[in-house]
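Engineer: I'd like to ask some things about the structure below.
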Amino acid sequence: MLYFEGEKKIPSTKRGCKGSLETVAEQACRNCTNVKNRQAKSRDASLEIIENIIQEKDLNKNKILLI
């Protein structure tokens, strides 16, 4: 994916590293990791809310739950 200009040096967007350089590949990998972590955090928070609703309304006695 980054064969064309993956090794090109660009200014870093990483917090605390203003003025330093990093490769396009490093920045792309870091951004993808950050996005994945935000998605996982959002998923876990939503799952906790759903589990609380199931417990509060005693829905766990049902055989099928549609959410």
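Engineer: Select from the range 2-16 the residues that are in a loop (DSSP other than H, G, I, E, B) and in contact (Cβ under 8 Å) with a residue 12 or more places away in the chain and write down the one among them that is surrounded by the most Cβ atoms within 10 Å (Cβ to Cβ). Quick ask: steps written out before the conclusion?
Structural biologist: The first filter runs over the range 2-16 and keeps only residues in a loop (DSSP other than H, G, I, E, B), leaving 2-8, 12-16.
Now drop any that are not in contact (Cβ under 8 Å) with a residue 12 or more places away in the chain, which leaves 2, 5-8, 12-14.
On the way: Leu2: 14, Glu5: 10, Gly6: 12, Glu7: 11, Lys8: 11, Ser12: 17, Thr13: 11, Lys14: 14.
Result: Ser12.
Engineer: Then there's this: Working only within the range 17-67, note down all residues that are closer than 26 Å to Glu5 by Cβ and among the acidic types (Asp, Glu).
Structural biologist: Glu22, Glu26 - these are the residues of the range 17-67 that are closer than 26 Å to Glu5 by Cβ and among the acidic types (Asp, Glu).
Engineer: Here is a further query. For the subset of the range 28-67 comprising residues that are of a type in the set (Val, Ile, Thr) and assigned to a helix (DSSP H, G or I), which member is farthest from Lys14 (Cα to Cα)?
Structural biologist: Here is the first cut: in the range 28-67, the residues of a type in the set (Val, Ile, Thr) are 33, 35, 49-50, 53-54, 64, 67.
Now drop any that are not assigned to a helix (DSSP H, G or I), which leaves 33, 35, 49-50, 53-54.
On the way: Thr33: 13, Val35: 14, Ile49: 32, Ile50: 34, Ile53: 38, Ile54: 40 Å.
Out of the qualifying residues, it is Ile54.
Engineer: Return yes when Gly19 is without any contact (Cβ under 8 Å) to a residue 24 or more places away in the chain, surrounded by fewer than 12 Cβ atoms within 10 Å (Cβ to Cβ) and of a type in the set (Gly, Ala, Ser) and no when it is not. Before you say what the answer is, go through the steps one by one.
Structural biologist: Details: without any contact (Cβ under 8 Å) to a residue 24 or more places away in the chain: yes; surrounded by fewer than 12 Cβ atoms within 10 Å (Cβ to Cβ): yes; of a type in the set (Gly, Ala, Ser): yes.
When the stated conditions are applied, Gly19 passes them.
Engineer: Something else: Looking at Ser20, Ser12, Ser42, which one is over 22 Å from the mean Cα position of the chain (by Cα), at pLDDT 90 or above and hydroxyl-bearing (Ser, Thr, Tyr)?
Structural biologist: Details: Ser12 fails: over 22 Å from the mean Cα position of the chain (by Cα); Ser42 fails: over 22 Å from the mean Cα position of the chain (by Cα).
None of the other options fit; the residue is Ser20.
The values are calculated or read from the model by the stated rules, or taken from the named source; none is laboratory data. Nothing here was measured: the structure is a model prediction, and the numbers come from that model. Using ideal geometry, Cβ is built from the backbone for each residue, glycine included, and neighbour counts are taken over all protein chains shown.
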